1. Round to a whole number: what % of the accessible area of region 3-45 belongs to carbon and sulfur, probe 1.4 Å?
2. Carbon-plus-sulfur fraction of the accessible area of region 46-90, 1.4 Å probe, in percent?
3. Any idea of Arg101's accessible area? Nearest 10 Å², probe 1.4 Å.
4. With the Cα gyration tensor of region 3-66 giving a ≥ b ≥ c as the square roots of its eigenvalues, does the rule (a/c under 1.5 for rounded; else a/b larger than b/c for prolate; else oblate) give rounded, prolate or oblate?
5. Order 12-21, 69-78 from most to least packed using the mean count of other Cβ atoms within 10 Å.
6. Counting Lys +1, Arg +1, Asp -1, Glu -1, what net charge surrounds Asp91 among other residues with beta carbon under 15 Å of its beta carbon?
Amino acid sequence: MLRVACVKIAGKGRGVVAREPIAKDETCERSPVLPLALADSECPGLNEYGMAWEENHDNPTPGSECCIGLGYLSIYNHGDQPNATLEHHYDSDEISVIALRDIAVGEGVTYDYVVPLWFADAGTAKAAE
């Protein structure tokens, strides 16, 4: 069973919330990614969902600077005070979402996008009633 779920969040659209309590340092989700070139990630329809991939890797593969996250990876919301962080697994083309602190059932799971935001931050994520 997945530990997280995709829900509609008031003022934010879709987002990811905990389906069960998640303790600090536990994995919320581990999902595959589709590596792609920066130019390809900036095309209409993908540009808001592209994520950094090998741009900070010690030995980047040309054309793999970005990725599209599968699973729920591309719909986690940004948080200025995030409760999760991302861990890249370059050998398996996967990313793990790791809890930075305990996360309660129904709480939005967020990570810091670490780039200038292209939208107005709506604050703390809460699932729509």
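The values are calculated or read from the model by the stated rules, or taken from the named source; none is laboratory data. Please read all numbers here as calculations on a predicted model, not as lab measurements. Backbone-built Cβ (ideal geometry, glycine too); neighbour counts: all protein chains shown. Heads up: the accessible areas ignore ligands, DNA and RNA and are worked out on the full protein's heavy atoms, side chains in. Shrake-Rupley method; radii C 1.70, N 1.55, O 1.52, S 1.80 Å.
1. 54
2. It is 42 percent, rounded to a whole number.
3. Answer for Arg101: close to 100 Å² accessible.
4. oblate
5. Result, highest mean first: 69-78, 12-21.
6. With Lys, Arg at +1 and Asp, Glu at -1, the net is -4.
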